[in-house]
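Q: Next up is a structure, given as structure tokens.
The values are calculated or read from the model by the stated rules, or taken from the named source; none is laboratory data. Since this is a predicted model, take the numbers as computed values, not measurements. Cβ placement follows ideal geometry from the backbone for every residue including glycine, while neighbour counts extend to all protein chains displayed. When the accessible area is computed, the model is the full protein with side chains, heavy atoms only, and any ligands, DNA or RNA have been set aside. Shrake-Rupley method; radii C 1.70, N 1.55, O 1.52, S 1.80 Å.
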Amino acid sequence: MIELAPSILSADFARLGEQIRAASEGGGSVIHVDIMDGHFVPNLTIGPPVVKSLRRVTKLPLDCHLMIENPDEYIPAFAEAGADLISVHQEACRHLNRTLHHVKDHNCLAGVVINPATPVETLSEVLDIVDYVLVMSVNPGFGGQRFIPSTLHKIRRLAEIRRQRGLSYRIEVDGGVALETVADVVRAGAEILVAGNAVFGNGDPRKNAEALLRAATEAALQKV
Ligand code: DX5
Ligand code: ZN
């Protein structure tokens, strides 16, 4: 099943409730929340208080993508604020197994994220404990960047490994997903599609989400 996860990074932060409602009316079914600390990535965004406010305006699952150093320290606060899914970067975790269990212990689905330069092979020892794997298709830190096509083979590889090993993690993709690129990521095997700029950048988020989801669903039907 293909799901669209609108990323609020490109939304109007003064009207988050309204913008989330519009994107969900267009078919967005997971709300992607980018947490940046100015250290792991060169940008700053939001913390648990905003997640807590988002929790009050939507029933959709909140997918917190932690682009921060020392994620262990903040996992309890995000879980408490209302996160349903929490993903951590392989590159930021010295004890990745422990951190992923920390997420699960807080009753959230646990995801692991890899940057464009990080190989899928670095995840081989945690694929059996994660609920989802997030493949970054841009270098994290900013919305509206250009999709990096060389990341597609990692989505294919993750789908292949899942089949071979009989695992059940879902595959999420994040960065540069738009009408021009969505068919490629879906055909490669991505199931949760994060889109910021393509939903909130220009025009009506509801219509943008609808168009993106339609293109994704068509590509999924064409997949052999
Ligand atoms: C980038 C963030 C993304 C971002 C994607 O570091 O992780 O979630 O919002 O934005 P677009 O879809 O505009 O590339
Ligand atoms: Zn993200």
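Q: Computing the accessible area with a 1.4 Å probe over protein heavy atoms, can you report the carbon and sulfur percentage for the chain?
A: 49 percent
Q: Sticking with this one: Under the 0.36 nm per residue contour assumption, what length would be gained going from the current alpha-carbon distance of E121 and N70 to full extension?
A: Full-extension gain reported as 16.1 nm.
Q: Quickly rank 93-99, 22-28 as a protection proxy: mean count of other C-beta atoms within 10 Å, highest first.
A: Put in order of decreasing packing, that is 22-28, 93-99.
Q: May I ask you to list the lysines whose Cα is less than 22 Å away from that of K207, ignoring any residue fewer than eight positions away on the same chain?
A: Cross-link targets: K59.
Q: One quarter of the convex hull surface, Cα atoms only: what value does that give for segment 134-210 in nm²?
A: For segment 134-210, the mean projected area of the Cα convex hull comes to 5.2 nm².
Q: Another question, if that's okay. Averaging sequence separations of C-alpha pairs under 8 Å and six or more residues apart, then dividing by the length of segment 93-198, give the relative contact order as a whole percent.
A: 24 percent
Q: For the chain, what is the relative contact order in percent, using Cα pairs closer than 8 Å and at least 6 residues apart in sequence?
A: 23 percent
Q: Please work out, to two decimal places, the log10 of the ratio I(q)/I(0) at q = 0.08, 0.14, 0.18 Å⁻¹ from a Debye calculation in which every Cα of the chain carries one identical scatterer.
A: After summing over all Cα pairs, the log10 values are -0.24, -0.80, -1.39.
Q: Just to be sure I understand: with springs between alpha-carbon atoms less than 10 Å apart, which residue in H39, H153, H101 has the highest mean-square fluctuation in the Gaussian network model of the chain?
A: H39
Q: Which whole-number percent is the relative contact order of segment 176-224 (Cα, under 8 Å, 6+ apart)?
A: Once normalised by length, the contact order is 49 percent.
Q: Can you work out the FRET efficiency for the pair D84 and S150, with r the C-beta to C-beta distance and R0 = 25 Å, to the nearest 0.05?
A: 0.20
Q: Now, a different point. Using a basic spin-label model with each label point 7 Å from the Cα along Cα→Cβ, how many nm lie between L44 and E91?
A: The answer from the label model is 2.1 nm.
Q: Evaluate the charge dipole of the chain about its Cα centre and quote only its size in Debye, nearest 20, assuming +1 on the Cβ of each Lys and Arg and -1 on the Cβ of each Asp and Glu.
A: Around 420 debye, computed over the chain.
Q: Still on this model: Could you do me a favour and compute the accessible area per residue for segment 1-76, 1.4 Å probe, result in Å²?
A: Result: 45 Å² per residue.
Q: Have a look at E191, E73, E172 and tell me which one the Gaussian network model of the chain (Cα, springs below 10 Å) gives the largest fluctuation.
A: Evaluated over the chain, the most mobile residue of the options is E73.
Q: Right, next: Using only the alpha-carbon atoms of segment 32-132, report the extent along each of the three principal axes, biggest first, to the nearest angstrom.
A: Between the extreme Cα coordinates on each principal axis of segment 32-132 lie 39, 29, 21 Å.
Q: Lys/Arg Cβ at +1, Asp/Glu Cβ at -1, dipole of the chain taken about the Cα centre: which of H101, P140, G111 is farthest positive-ward?
A: Of the candidates, G111 comes out farthest on the positive side.
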